[in-house]
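Step one of this worksheet: look at the structure below.
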There are 2 protein chains.
Amino acid sequence: METVRVFAPATVANVACGFDIFGFAVDQPGDEVVLTRRDEPGVTIVAILGDEGRLPREAARNTAGIAIQKYLEHIGRTDVGVDVILHKQMPLGSGLGSSAASAVAGVYAINELLGRPLSTIDLLPFAMEGERVACGSAHADNVGPSLLGGFVVVRSYNPLDVIRIDTPTGMHATLVHPDIEVNTKDARFILRNEVSLKNTIIQMGNVAGLIAGLMKPDYSLISRSLVDVIIEPVRAILIPQFDEVKQAALDNGALGCSISGSGPSMFALSANAEIAQQVGKAMQEAFLSVDITSELYVSEINSQGPKVLEPVSNLTV
Amino acid sequence: METVRVFAPATVANVACGFDIFGFAVDQPGDEVVLTRRDEPGVTIVAILGDEGRLPREAARNTAGIAIQKYLEHIGRTDVGVDVILHKQMPLGSGLGSSAASAVAGVYAINELLGRPLSTIDLLPFAMEGERVACGSAHADNVGPSLLGGFVVVRSYNPLDVIRIDTPTGMHATLVHPDIEVNTKDARFILRNEVSLKNTIIQMGNVAGLIAGLMKPDYSLISRSLVDVIIEPVRAILIPQFDEVKQAALDNGALGCSISGSGPSMFALSANAEIAQQVGKAMQEAFLSVDITSELYVSEINSQGPKVLEPVSNLTV
């Protein structure tokens, strides 16, 4: 009986100025998927750990399940059957790309199980189908970086065009997940459909500046460019204490701080691990000042994407 | 009697996707300014060559004159007097940054004449004042690249933040100026004040892709990113035969083709000089098919910005 266990990283989408086009992966948290091949065809979710029973067990409605199903249909291997164990290791609805990490881990695992018939980049459309189930649209700004690692630009959706950008060695991300919940669909619903040309120009300047800053690299330019005049001013109202948490990050040396994905998690980028830790502590304290507890994750930008882990007995059920 | 003669390059602003934030300089055409110090204070335009009498001779209304005046006021040297000869070497109102080149040449020349009290980047605000006189607003997407050379991002106007981006060696620009005229103020007036969020996202993707493509470098990515869904569809109607000229450029191997600044000139970028020449020929033929004659300029991206030339006797009057 063949078993593959895969970890896929959490991701920060949007990254301040890059709504729907930027995302980066982190070393932790992330989700794990264990796939075990069996004789009968079909994809069966046999267990989900860590979701407090909130995620659908039906494969066609589960992000990992649908990604695996779409993959098997595409390569013409609907004869294959797998049991799926999904080990959620991060909060749901957190803005940390939880559904993307599960979908990526699932599709990466099935590709491994079958001897890698597809290259990693070619797995993207199937992971995006997982996003469609979870979020209502097939976005790539979480699945892209979770699958490819690093900082990713979704240059175009039609046709799909995903580009990986180098990031400065040593740059660390701070993620703070406050123990409140924001529905991704609501977070999208409150956005205006029109943007002033003036703000479009400002945002384009920051998009260009952030890419140039990451590639040169130039920390000051990265910092000046981590500014969002379009989305953050609208969505920040969904996060209690947003201004204070952001200010705490900046006061403690962060290059920038904004909403991770559609929130409520917030992220900061810092020039090194020490600053990133200090920034995280200050952000948590700012949430705590209004009695909101939170989880803190500090890591480098993940450059690897998904990775195959040794199967462990305590994940089987 | 001290004399300085300076050349400043023409520029392509916007560069398809980067409205108001991108610009690059070319080796030719460009404008020349000759400054001669004299005893009495004040800035006097003693001659303008090549403008068919159309530019204002009053220093306070001339882009080079006002740039020099603002510079002298800033450094507290209103005791200095200069005679200015402006040699226009490109068509006016062409979208090739004619007013910017004159302003840059003027302010660069006065700084040379006085022994470089300011660094080159610090000359930018005075050149922008020249743009304010010419265009009604102090834009930097022509004066930035004309002054600094290369490909420039105006990340922010407030505060002014101008970044230079490396471009691939060998990449050539083709500029075609059709013998028709578009008023820059009109070209701005027809733009909508609002942009759909959808188009903002598409444009941001191309902005990010173009910067990444130039810096990696990656010609295919540059080509895929030279797309403008916001400005070009509106302004193209001001240029007869726009679609045919653009198609001719692409059919002949250009990486991309769009409007230079606010037009009517069009630019293309190509991977080498040979393609750039062929592209130019095809673009000119497409204009000629509706009896529009044009001027063609092919050159590398100018990396130097303004340069001091030997004074020549035939420029004095």
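Can you work out the FRET efficiency for the pair B:Ala60 and B:Arg37, with r the C-beta to C-beta distance and R0 = 25 Å, to the nearest 0.05? For R0 = 25 Å, the calculated efficiency reads 0.80.
Largest GNM mean-square fluctuation among A:Leu123, A:Leu160, A:Leu210, using chain A with Cα springs under 10 Å: A:Leu160. Between the helical axis of B:273-288 and the dominant principal axis of chain B, each derived from Cα atoms, what acute angle in degrees is found, rounded to the nearest 10? Approximately 80 degrees, to the nearest 10.
Computed from protein heavy atoms with a 1.4 Å probe, the total accessible area buried between B and A is close to 2900 Å². For the range A:213-249, a decrease in accessible area of 50 Å² or greater in the assembled protein chains relative to the isolated chain, with a 1.4 Å probe, applies to A:Met215, A:Lys216, A:Arg224. Assuming charge only on the beta carbon of Lys and Arg (+1) and of Asp and Glu (-1), the dipole of the range B:163-221 about its Cα centre is about 240 debye to the nearest 20.
Inter-copy label distances for A:Thr3: 8.9 nm (label point placed 7 Å from Cα along Cα→Cβ; shortest first). Exposed loop sites are taken as GluC sites (Glu not before Pro) in a DSSP loop (any state but H, G, I, E or B) with at most 15 other beta carbon atoms within 10 Å; the longest stretch of chain A without one runs A:182-317. With every protein chain left in place and a probe of 1.4 Å, what is the accessible surface of A:Phe126, to the nearest 10 Å²? Number for this one is 20 Å².
When the Gaussian network model of chain B links Cα atoms closer than 10 Å, the mean-square fluctuations of B:Thr169, B:Thr63, B:Thr293 top out at B:Thr169.
Taking every DSSP bridge with both residues inside the protein assembly as shown, close to 85 percent are antiparallel.
With all protein chains kept in place, the per residue accessible area of the protein assembly as shown amounts to 37 square angstrom at a probe of 1.4 angstrom. Note on chain B: with charges restricted to the Cβ of Lys and Arg (+1) and Asp and Glu (-1), its dipole about the Cα centre is near 580 debye. Sorted from closest to farthest, the other copies place their A:Lys281 label points 6.9 nm away, with each point set 7 Å from Cα along Cα→Cβ. For B:Asp27, nonlocal amide neighbours, meaning residues 5 or more places apart or on other chains whose placed amide H falls under 5 Å from its own, are B:Glu300, B:Asn302.
Counting heavy atoms of the protein chains alone, A:Ser299 has an accessible area of about 10 Å² for a 1.4 Å probe. With the cut-off at 1.5 for a/c, could you classify the protein assembly as shown from its C-alpha gyration tensor as rounded, prolate or oblate? Cα axes put the protein assembly as shown in the prolate bin. For A:Gly253, the point set 7 Å out from Cα toward Cβ sits 5.3 nm from its twins in the other copies, listed from shortest up. Give the carbon-plus-sulfur fraction of the accessible surface of the range B:172-300 in %, rounded to a whole number; probe 1.4 Å, heavy atoms of protein chains only. That share works out to 51 percent. Of all lysines in the structure, the ones whose alpha carbon falls short of 22 Å from that of B:Lys198, not counting any fewer than 8 places away in one chain, are A:Lys185, A:Lys198.
Think of the range A:45-203 as a dipole: +1 on every Lys or Arg Cβ, -1 on every Asp or Glu Cβ, centred on the Cα centre; then among A:Gly115, A:Leu72, A:Thr174, A:Thr174 lies furthest on the positive end. For the range A:3-90, the set of trypsin sites (Lys or Arg not before Pro) satisfying both a DSSP loop assignment and a count of at most 14 other C-beta atoms within 10 Å is given as A:Arg54, A:Arg77. Computed about the Cα centre, the dipole magnitude for the range B:172-300 is approximately 540 debye when only Lys and Arg (+1) and Asp and Glu (-1) carry charge, each at its Cβ. Calculated mean residue ellipticity at 222 nm for chain A: -10500 deg cm²/dmol, from DSSP H runs with n ≥ 4 weighted as -39500 (n - 2.57), summed, divided by the residue count and rounded to 500. Classify the range A:128-241: rounded, prolate or oblate, from the alpha-carbon gyration tensor (a ≥ b ≥ c, eigenvalue square roots; a/c under 1.5 rounded; otherwise prolate if a/b is larger than b/c)? Cα axes put the range A:128-241 in the rounded bin. Taking other residues whose beta carbon is less than 10 angstrom from the beta carbon of A:Met204, and scoring Lys, Arg as +1 and Asp, Glu as -1, yields 0.
Under 1.5 on a/c is rounded, so check that first for the range B:164-317, then, if it is not, pick prolate when a/b is larger than b/c and oblate when it is not; a ≥ b ≥ c are the square roots of the alpha carbon gyration tensor eigenvalues. Rounded.
Within the range A:19-33, the residues that become at least 30 Å² less accessible when every protein chain is included than when their own chain is isolated (1.4 Å probe; DNA, RNA and ligands ignored) are A:Phe19, A:Ile21.
Listed here are the pairs B:Lys246/B:Lys281; B:Lys216/B:Lys246; A:Lys216/B:Lys307; which of them are more than 22 Å apart at the Cα? Violating the 22 Å limit, Cα to Cα: B:Lys216/B:Lys246; A:Lys216/B:Lys307.
The values are calculated or read from the model by the stated rules, or taken from the named source; none is laboratory data. This one's a predicted model, so the numbers in the text were calculated from it and none came from an experiment. Cβ: placed from backbone, ideal geometry, glycine included. Neighbour counts: every protein chain shown. We work out accessible area using only protein heavy atoms, side chains counted, and drop any ligands, DNA or RNA first. Shrake-Rupley method; radii C 1.70, N 1.55, O 1.52, S 1.80 Å.
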